[in-house]
Amino acid sequence: MTDLLPFVADLPLVDHHCHGVVTGDVARADFEAMLTEADTTSPLGTSLFDSLIGLAVRERCAPVLDLPKHAPAEAYLERRARLGAAEVARRFLRATGTTDFLLDGGFRPDSLTTTGEFAEMAGGRAHDVVRLEQVAEAVIRGSTAAGFAADFAGELGKRAATAVGLKSIAAYRVGLELAGERPSPPEVEAAAGRWLARIEAGEPVRLADEVLHRFLVFTGLDLGLPVQFHVGYGDADVDLHRCDPLRLTGLLRATRDRGVPILLLHNYPFHRNAAYLAQVFEHVFVDVGLATHNAGFRAPAILAELLEIAPFGKVLFSTDAFGLAELYHLGTSLFRQGLSDFLRAALAADALSEVDAVRLCALVGHENAKRIYRWEHV
Amino acid sequence: MTDLLPFVADLPLVDHHCHGVVTGDVARADFEAMLTEADTTSPLGTSLFDSLIGLAVRERCAPVLDLPKHAPAEAYLERRARLGAAEVARRFLRATGTTDFLLDGGFRPDSLTTTGEFAEMAGGRAHDVVRLEQVAEAVIRGSTAAGFAADFAGELGKRAATAVGLKSIAAYRVGLELAGERPSPPEVEAAAGRWLARIEAGEPVRLADEVLHRFLVFTGLDLGLPVQFHVGYGDADVDLHRCDPLRLTGLLRATRDRGVPILLLHNYPFHRNAAYLAQVFEHVFVDVGLATHNAGFRAPAILAELLEIAPFGKVLFSTDAFGLAELYHLGTSLFRQGLSDFLRAALAADALSEVDAVRLCALVGHENAKRIYRWEHV
Amino acid sequence: MTDLLPFVADLPLVDHHCHGVVTGDVARADFEAMLTEADTTSPLGTSLFDSLIGLAVRERCAPVLDLPKHAPAEAYLERRARLGAAEVARRFLRATGTTDFLLDGGFRPDSLTTTGEFAEMAGGRAHDVVRLEQVAEAVIRGSTAAGFAADFAGELGKRAATAVGLKSIAAYRVGLELAGERPSPPEVEAAAGRWLARIEAGEPVRLADEVLHRFLVFTGLDLGLPVQFHVGYGDADVDLHRCDPLRLTGLLRATRDRGVPILLLHNYPFHRNAAYLAQVFEHVFVDVGLATHNAGFRAPAILAELLEIAPFGKVLFSTDAFGLAELYHLGTSLFRQGLSDFLRAALAADALSEVDAVRLCALVGHENAKRIYRWEHV
C-alpha cells in the first residue's frame, strides 16, 4: 500500500450499486451491527472494531471527522455523535469523489434516505435501481395466479420508467441455480398460485421460488435495462455455497444474445469465478463491492485477483455501502487504494504504460458504468 | 518475509488443535510419509523433501538440531537419528513458545505420546480434546439401537469431564453436509440399528452416518464444550469437495443461539469461506492450521487471506501437528512469520497503530482460545 | 516482478500441453477472438486488448516484432501483418526456449500446423498427444453398440503407437464428476447404443456421455500412457462449476494403484484444489497453463498459489497455447517470470538455497515431464 497515483486520487467515480444512508443517530451496538455482515456483536467474540474494517474506520474515517488516525473506537463514536448524523453523512459522502450513485432502494427503505435526499447530501447525482422482488411482493397481494405475470410486467414497467437498472436478490432466497430458459406462462401461473396459497395460509409475503425469480429476471431483461445480481458475500441469511456465480452459467448462456448487460455484484470469495464469466460472456460485468470495505487493508489483494482475467471493459466500481456513511467513504477510498497499488506494481514492472494506466482507470472508474446504464437517456 | 516483530517473536501461544508425537525413531520413508498429507512417497514423483514444507524443514528445523540452514535431507535425517526421538521432540516442542497444547488423542493413540508425556516433553500444559466418533465407536459394540443415544451421552459425559473441547471428524466420513436440525430419537435409534447391523455383518466398527455424526455434535453441544470440526485439507481419505465449510451453514444457523463455540479447523483451500462464517455467525471460530506448515514460505499469504473478513476475536492458532516433532515447530514458526509479515505490511501502510498490532496478536495468539476453552475451570 | 534469475532465463522447457499454430494471416477481430477464452469481442465491452493479456502482448510480444514495448494495438497488428504469419510464428516459437512441445491435435486440426510443420517452425521437437474423444468420434460411425469397445481400443492402440500421451475433454462435455470405477462391458455397450441412436436420429457425432468418457480414460490407462484432463478454465462452452478437479477424486482414488500418470491441466481458478490432489495422490500431476498467459502481469501470483502444497516433483509447465503464435511466447515468458519471482522472494527470505532453486527449476521446467512422458521410448 503506497500513496495514491495522482490520476487515481482524482478519478471521478460512478458507484453503480449502493443503498441509502440511515437518517438518525447510531448507538455503538447499531454501529457495529452495520459495520460488517454480522447481524450483531458476538458475546463469544470481541468488538467488531477488532477487524480489518474496524481498523480502516479508525485509519481512514477518523481524519474526516477531525480526529487523528487510529483514534480509539470510543472517541470515534463520541465525535460522530457530537457532529450528528446529517453532518457525518455529508462529510463522508462528499469525501468519496463520486459523481453518480446508483441506489438500490429495496432494502429497509423506511430507515434510509430517499434518492433525492441522498443526492443532496452527497452533492452528486443519484439514480434509482429497482429491486425486482420488491415489485413482485407489492403486486402479488392484489393479483391472481393467472394475472400475476401481466400485473408484474405492468408495474415493473411503471417503476422502471425513471430507473437506470434492475436488481435480483434470488441469491438470498433460492440461490443462484436458476435454470437456463424463460419459464413458460403456465409455469409462472402455477408458481404464482403456490405463492398466493402460502400467503393465504398466513405466511409472510416473501418471494422465494426459483421459477418466479427467473421470470422476474427475464421480464426485466425485456425492458432492456441492465440487471444486477447479488452474488456471493452477504449476511447470515445467505447460503453462500448456493451463491457461486458459476451457478448462473445456464442463465447467462441463455441470455447472451439479448445485448442486455448483466452485472454480478460483490462476488467475494468467488470473484475469480465471476471474472471468468465476464471474460467469456459478452454481456456480463463484475465488481468486488462490499468486500472492498470489509477487507480494509486487504482490499487491494482482492481487486488484483478480480483483474487477472476480467477484461477492463467489464469491471465496474461499487461500494454496496448501506446505512453507515463511513462505508461509502471506505469502499471508495479502498477501491482507489487497490487500483493505485495494482497500477503502481504494473508500472514498476513496466507491464503497462502510464497512458494505459490512465485509460484503465477511466474505464473501471466511470466509463464502463456510463456506457452500460446510459442515465442521460432516462 | 522479514524479521519477526519483537512482540510476535515473544507472543505466548495456545495451540488449540494438535496431536501427540511419535514415541519411536523414524526412518526416511516414514518421515516423508508424515511430512505432508500424502500417505507415501510417489514412485512417479520425487522426494517429498522437494516441496515447500521440505524446504522449511531444512531451513527452520535444521538449526534446532545444530545443523546449518538448508542442510541436505540426508544429513538432516542422520542428525535426527543420532539425537534420538525423545531429544528431538523435546527440542522442537520447547522451541515453539507454546504455553498450552490442546491434544486430539483420537487418531492412532497407540503410537503417540499421551497427554501427560506430551506436557512433560514440551515443558507446557496439555489439555484433552475428545473425538466424538472415537467415543461412539467405543460405545456401539456394547450397546443397542434403542440404548445408543443414552449410552453415548453417558460415556461422553464421563470422558469430557476432564476435557476442554470436543471434535467431529464427520468431514472424513460423510462430508460436511450435515442437516440443520437435531435428529429425533427415532432417527438416532434407526441409524444406530443400521450401524449395528453392519457391524454384525462383519464390517469394521467405523461410524459413517450423517444422522449419527449430527447426533454426536448436538450431544456434545449439550455439554457446553466447544466443538471442533475438521474442515477442508486432509489426507487422501477426504473427499475434499464435500468438506467446504459452507456446507455446514444449516447446522451453524441451527446452533447459533446456544452460545457454544464451534471451531472450524484448517479450512484450506476454503479458508475465505470459513472467514465469512466466522464473521456472520456469533459462535464460529476459525484457523488455518495444517496449511501453515505445509505451505512453508507461502504460509503468510494464506493467513492474510483468512484475516480479510474474519474478525480478530474469532481467529485462533493451531498447528494440527501430528507425529513428527518438526511439525509443531514449523506450524508455530510459520504462524509467527505470517502474523509478523501481515502486521509489518499494515504498519508500513499506517493501516493500524502498534498498540492495535499488539492487541491483535494477543487475541489471535492466546486470548481467544482462553476465552473459549476456559481450562482453568476444568 | 523483477529481472529473471539467470538460471530461470536459460532453463530449457518442455511445454507438455499446447496446440498447433494457425497457418494463415489473422485479422484484428480474429486476433482478439483467439486472445482470450471469449468467443468474440463484446459490443457492450471494449477491445480485448484492454485486459492483462492484451497489455502483455504489447509489453512482451511487441519487441519480438521489432516494435517498442507498449506499442499501440493497431501498430502491433499492422507490423504483424507485414511480417506475415510464418515469420511471426517462427519468431515467437523460437523465442520460447522450449525444447519439446507436446501437441494436442484434436481441436480444429484443419486450420492449424501439423506436428511436423510445428517442429520445423519452432526449431524444436514436437510430440503427439491423442485426444480420446476424437478417436471415439472417428470410430463410432463405422461401429456397433456391441463392437464399440473393441473398435475404440484397437483404433486408440494404433494412433497411440507414436504418441506420448492421451487427453480427455470430459470436462467440456459432461463435467468432471466421473464415477470411481471402470464401466462394465454391458454399460459401455448400452451407452454406445444410446450414442448411435442419437447419431442415427440426426444429432451431430459429439460424445457427451459420462460412461463413455470414463471408458475412454480407463482404456487409455491400459496403454500405460499418461492421461491429461482438461480442468477448470476454458471457453463459454465449459460449465466451470462442473470442472473443479476435486470432482475427479473418486476416479483418482480408483486409479492410483496403476502407476500411470494423470495430468490435471490449467486448473484455474481451482489450482489450489488441484495442488491438493497432486500432494495426496501418487499419480497426479498439475500445471496452470492457459491461466499463465491470460493473467499477464498476475501470472506469478497464480503460480505461487499452485506451489503452496503441490510437491515440486508433481508440477509441470505448459502454455496451452492455441492458434496465436503470441500465446506460446507469452505463456513461456510469464511462466519464467512467475518462477523467477517465486524463487527471488524465497531466496530473499532465505527459505531455500540457490542449489535448491536450481533443482526446483529443472524439475518443473523439464525433468518431471521427461520422467513422465518418456518420449525417448517412442
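How charged is the neighbourhood of B:Arg242? Take every other residue with its Cβ under 15 Å from the Cβ of B:Arg242, and add Lys/Arg as +1 and Asp/Glu as -1.
-4
Treating the beta-carbon of each Lys and Arg as +1 and of each Asp and Glu as -1, no other charges, what is the dipole magnitude of segment A:70-171 about its Cα centre, to the nearest 20 debye?
Charge dipole, segment A:70-171, about its Cα centre: 260 debye, nearest 20.
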Within chain B: Cβ-based charge dipole about Cα centre, in debye rounded to nearest 20 (Lys, Arg +1; Asp, Glu -1): 400
If you take each beta carbon of peptide B:238-245 and count the beta carbons of other chains within 10 angstrom, what is the mean? 4
Between C:Ala86 and C:Asp237, Cβ-based FRET efficiency (R0 41 Å, step 0.05) works out to 0.85
Between 0 and 90°, nearest 10: helix C:271-280 axis offset from chain C longest Cα axis: 60
Can you tell me which of B:Pro311, B:Pro300, B:Pro63 moves the most in a GNM of chain B? Springs connect C-alpha atoms under 10 Å apart. B:Pro63
Under 8 Å for C-alpha pairs, at least 6 residues apart: give me the relative contact order for segment B:1-132, rounded to a whole percent. 33
Around A:Trp375 (Cβ within 12 Å, Cβ-to-Cβ, excluding A:Trp375; K/R +1, D/E -1) the net charge comes to +1
Under a point spin-label approximation (7 Å from Cα along Cα-to-Cβ), what is the B:Val358-A:Ala345 distance to one decimal in nm? 3.2
Two-site label geometry, A:Ala254 and B:Arg371: point separation in nm, points 7 Å out along Cα→Cβ: 4.7
Beyond a 31 Å Cα-Cα separation, which of these cross-linked pairs lie in this structure: A:Lys69/A:Lys370; A:Lys167/B:Lys167; A:Lys314/C:Lys314; C:Lys69/C:Lys370; B:Lys69/C:Lys314; A:Lys69/B:Lys69? A:Lys69/A:Lys370; A:Lys167/B:Lys167; A:Lys314/C:Lys314; C:Lys69/C:Lys370; A:Lys69/B:Lys69
To the nearest 0.05, the calculated FRET efficiency linking C:Glu200 and A:Glu181 through their beta-carbon distance, R0 being 30 Å, is 0.65
Taking every DSSP beta bridge with both residues inside segment C:1-130, roughly what % is antiparallel (nearest 5)? 10
Have a look at C:Ala236, C:Ala348, C:Ala163 and tell me which one the Gaussian network model of chain C (Cα, springs below 10 Å) gives the largest fluctuation. C:Ala348
Before rounding to the nearest 500, sum -39500 (n - 2.57) across all DSSP H runs of length at least 4 in the protein assembly as shown and divide by the residue total; then give [θ] at 222 nm in deg cm²/dmol. -13000 deg cm²/dmol
Could you tell me which of C:Ala73, C:His19, C:Met34 has its Cα farthest along the dipole of segment C:14-90 towards the positive end, charges placed at Cβ (Lys, Arg +1; Asp, Glu -1), taken about the Cα centre? C:Ala73
For chain B, set up a Gaussian network in which alpha carbons nearer than 10 Å are linked by springs, and say which option among B:Val217, B:Val129, B:Val139 fluctuates the most. B:Val139
For the residue pair C:Thr2 and B:Ala146, what label-to-label distance in nm results when each label sits 7 Å from Cα along the Cα-to-beta-carbon direction? 7.4
Can you put B:Ile199, B:Ile309 in order of Cβ neighbours within 10 angstrom, beginning with the fewest? B:Ile199, B:Ile309
Dipole size in debye (nearest 20) for segment A:248-378 around its Cα centre, Lys and Arg Cβ +1, Asp and Glu Cβ -1? 320
Averaged over residues of C:286-298, the number of beta carbons from other chains lying within 10 Å of each residue's Cβ is 3
Formal net charge of residues neighbouring B:Tyr276 (Cβ-Cβ distance under 12 Å; K, R +1; D, E -1): -4
So the label point sits 7 Å from Cα along the Cα-to-Cβ vector; using that for C:Lys69, what distances do you get to the other copies, in nanometres, sorted shortest first? 3.1, 3.1
Assuming R0 = 35 Å, what is the FRET efficiency of B:Asp30 and C:Arg79, from their Cβ-Cβ distance, to the nearest 0.05? 0.05
Three-way shape call for segment B:279-330 based on the alpha-carbon gyration tensor, with the a/c threshold at 1.5: oblate
When a/c is below 1.5 the answer is rounded, else prolate if a/b is larger than b/c, else oblate, so apply that to segment C:1-99 with a ≥ b ≥ c taken from the square roots of the Cα gyration tensor eigenvalues. prolate
Calc'd 3J(HN,Hα), segment B:46-59, phi into Karplus 6.51 cos²θ - 1.76 cosθ + 1.60 (θ = phi - 60°), Hz, glycine/Pro = x, comes to 10, 4, 6, 5, 7, 6, 4, 5, x, 4, 5, 4, 6, 7
Got the relative contact order for segment B:146-293 handy, in percent, Cα pairs under 8 Å and 6 or more residues apart? 26
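Computed from the coordinates by the stated procedures, all read-outs in this text should not be read as laboratory data. Since the structure is predicted, the reported quantities are computational estimates derived from the model, not experimental observations. Cβ atoms come from the backbone with ideal geometry, glycine included; neighbour counts cover every protein chain shown.
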